[in-house]
Amino acid sequence: MKSSLIVVLTLVTGATITFGGLVTSADDILKSAKSAANSISFHNLALALEFYHLEHNSYPKVYGSEAVIDELSDGGYISGG
């Protein structure tokens with residue numbers, strides 16, 4: 001019965017993964033990974049803004065998220081941009 005339930009879940013939801021008897025879907029794992037990556041990215045952006053503030057005694061005087069990213073990237077506080 002348990003294996004037939006896993007087969008049905010696999011057909012309905014896509015891939016399933018078993019960890020020590022715990023069944024989870026690949027979608028759930030990807031959602032958790034994306035959430036963790038976004039949290040880390042936000043934290044890094046906050047740190048970059050704080051370093052900018054320490055060096056300039058103010059935050060970037062620009063408007064819009066793209067302009068902030070460009071300012072931090074141009075100053076070497078973050079890569080990319």
Exercise. Is there any pair with a first residue in the stretch 49-77 that is open to solvent by 100 Å² or more (accessible area, probe 1.4 Å) and a second that is not in a loop (DSSP other than H, G, I, E, B) whose Cβ atoms are under 7 Å apart and which are 6 or more apart or on different chains, and what are they?
Worked result: 59/49; 59/52; 59/53
For this session: Being assigned to a helix (DSSP H, G or I) and aromatic (Phe, Trp, Tyr) is the filter here, so list the residues in the stretch 31-81 that pass it.
Result: 42, 51, 52
Exercise. Do we find a residue being at pLDDT 85 or above, polar (S, T, N, Q) and open to solvent by 60 Å² or more (accessible area, probe 1.4 Å) anywhere in the stretch 26-45?
Worked result: yes
For this session: Check residue 4 against each of (1) under 24 Å from the mean Cα position of the chain (by Cα); (2) at pLDDT below 85; (3) assigned to a helix (DSSP H, G or I) and name the one condition it does not meet.
Result: (1)
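The values are calculated or read from the model by the stated rules, or taken from the named source; none is laboratory data. Source: prediction; values computed, not measured. Every residue, glycine as well, gets a Cβ built from its backbone with ideal geometry; the counts of neighbours run over all protein chains shown. Side chains are part of the model used for accessible areas, which takes the heavy atoms of the whole protein and leaves out ligands, DNA and RNA. Shrake-Rupley method; radii C 1.70, N 1.55, O 1.52, S 1.80 Å.
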